[in-house]
Each structure stands twice: as C-alpha cells, then as structure tokens.
Amino acid sequence: MLLPFVLNTVVNFYKSQNITNIAKQLNFQNVQKISIALNAVLLIAVGVLFFMVFSLKKQISGGAVNSNVSTSVVPLPHAEGKIMYINIDSLETKYDYFLKAKAILEKKGKANDAEIKGLYDGFQKTYQKYQQQGETMSEQQIVAAQQDLAQQEKSIRAREEMITQNYTKEAEKMNNQFLKNVQEYLKSKSKEHNYSYVLGYIKESNLLYVNDSLDITKQVLDALNSEYAASLEKK
C-alpha cells in the first residue's frame with residue numbers, strides 16, 4: 001500500500017519557491033535567504049517512483065516469471081491510489097488570498113526601501129557636512145565627528161536588520177497561511193476522492209509527463225477562492 005495522502009511536494013516547494021519569487025519581484029535584499037533548495041521536490045517525486053518500482057520487483061521475484069518476457073524490461077506499475085497534481089503557476093496568479101497578501105508585501109517592501117534609503121541619504125549629508133568643515137575643525141571636533149558618523153552608521157544598520165527581519169516574518173506568516181489553506185482543503189477531499197498524493201507541478205520541473213486528466217487546479221482554485229470570499233464576508 002502507498003502511504004496515506006500527503007502534501008509534501010506542495011509544502012516543500014512553497015517553502016523554497018514562493019517567498020523567493022516574491023523577493024525577486026520586490027527586489028528586496030536578504031529575503032532570498034529563506035529559499036530552500038528546490039531539489040526537495042525532485043527527491044519526493046523520485047522517492048515515489050522508487051517505492052512503486054521496488055514494490056513491483058518484489059511481486060515479480062515472488063511469483064512465476066514469464067520466460068517470453070525480457071527480465072531487463074520492467075512494466076509500468078499500477079498505482080494503488082490516485083496521484084493528482086496542481087499547477088503552481090496558477091495558484092500564484094489566480095488565488096485571491098495569495099494575490100492580496102502579495103500586494104500587501106509589495107507595499108510594505110516599498111515602504112521599507114524608502115525608509116532605508118532615507119536613513120542612508122541622511123548619513124551621506126552628515127558626512128558631506130563634516131567633510132566641508134574639515135579644514136576648520138579642531139582635532140577634538142574631528143574625533144567627535146568620526147564618533148558621530150560611526151554611531152549613525154551603527155544605528156542605520158541595526159534598523160535595516162530589524163526591518164529585514166520583520167519583513168521576513170510577515171512573508172513567512174503569509175506563506176504558512178497559504179499552505180494551511182491549500183493543505184486543509186486537499187486533506188478534506190483526499191478520502192472522498194481516494195487521493196494518495198497531490199503534487200505541485202511547474203513547467204521548469206523534471207516531471208517529464210503529466211496527464212491533463214489528473215490536473216485538479218481549477219477545482220481547487222474555485223473552492224479556495226470561494227472559501228476566501230466567504231471568510232471576508234464574515235469580517
């Protein structure tokens with residue numbers, strides 16, 4: 001028997017990809033550190049395939065082997081449960097919750113950039129002022145100016161680090177809520193529809209073939225958007 005329904009592929013993918021994509025679009029530095037290698041998606045897909053092939057080999061070795069069939073050719077195994085998939089690109093561009101959360105992060109990112117730029121612009125003006133006064137400053141005044149600039153730079157870097165950390169936490173919170181929404185919906189439908197796995201599919205992945213009949217993206221999107229609209233009406 002295959003393992004019960006899991007959503008590892010969607011979870012691993014979004015933990016690595018979604019926040020990185022948002023960071024690239026916002027051009028906001030340091031958020032890209034959240035990215036986890038996308039190879040986790042491939043490891044799961046390979047693991048599922050390995051499990052099914054290994055199970056099939058055990059069945060073949062335990063029974064009679066047809067002498068007319070070459071032992072080097074392994075027939076495709078039959079899945080004991082359905083393996084469906086969701087198009088990740090569609091979730092990113094059509095899920096209302098994700099789009100609203102992304103817009104909020106974009107606005108926040110622009111405000112963060114403006115604040116940091118303002119701090120560094122102020123530091124630059126102070127530096128230029130001291131530079132212009134340099135020839136008329138006493139040694140004691142020069143030391144005081146150096147200490148002032150050092151303290152300003154330290155404060156700016158601390159503020160920049162805090163802004164980055166807060167932004168990262170907000171992005172993670174949004175991403176976790178997104179995953180929870182998708183995961184809970186799919187989990188509620190897995191037993192009803194006998195789903196063993198629901199994979200996250202993107203065109204750039206190493207999945208060489210996907211059958212369109214296994215694509216449940218539209219159904220899931222419609223349901224998620226309906227649930228999100230209902231949650232807004234309750235507020």
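Residues considered: S55, S90. Of these, the only one that is out of contact with any Asp or Glu (no Cβ under 7 Å at 6 or more places or on another chain), at pLDDT below 90 and part of a helix (DSSP H, G or I) is S55.
Within segment 135-154, how many residues turn out to be surrounded by 11 or more Cβ atoms within 10 Å (Cβ to Cβ) and either modelled with pLDDT of 95 or more or part of a helix (DSSP H, G or I) (or both)?
Looking only at that region, the number is 10.
Among the residues of segment 154-163, those that are within 16 Å of K108 (Cβ to Cβ) and either among the β-branched types (V, I, T) or touching a helix residue (DSSP H, G or I) at 6+ places or on another chain (Cβ under 9 Å) (or both) comprise R159, E160, I163. For the structure I just gave you, tell me whether Q124 is surrounded by fewer than 13 Cβ atoms within 10 Å (Cβ to Cβ), at pLDDT 95 or above, part of a helix (DSSP H, G or I) and not aliphatic (A, V, I, L, M). Judged against the criteria, Q124 is a match.
Within segment 168-224, if we keep just the residues that are small (G, A, S) and either exposed (fewer than 15 other Cβ atoms within 10 Å of the Cβ) or within 19 Å of the chain's Cα centre (by Cα) (or both), the residue that is modelled with the lowest pLDDT turns out to be S205. Here E80 does not fit the description of being in a helix (DSSP H, G or I), modelled with pLDDT under 90 and exposed (fewer than 13 other Cβ atoms within 10 Å of the Cβ). Within segment 164-222, take every residue that is acidic (D, E), in contact (Cβ under 8 Å) with a residue 24 or more places away in the chain and in a helix (DSSP H, G or I) and give me the one that is farthest from A111 (Cα to Cα). Step by step, filter segment 164-222, then rank; the result is E172. Of all residues assigned to segment 105-121, none qualifies as being part of a helix (DSSP H, G or I), among the small types (G, A, S) and farther than 30 Å from K173 by Cβ.
The values are calculated or read from the model by the stated rules, or taken from the named source; none is laboratory data. Computed from a prediction, not measured in an experiment: that's the story for all the values here. All Cβ positions, glycine included, derive from the backbone under ideal geometry; neighbour counts span all protein chains shown.
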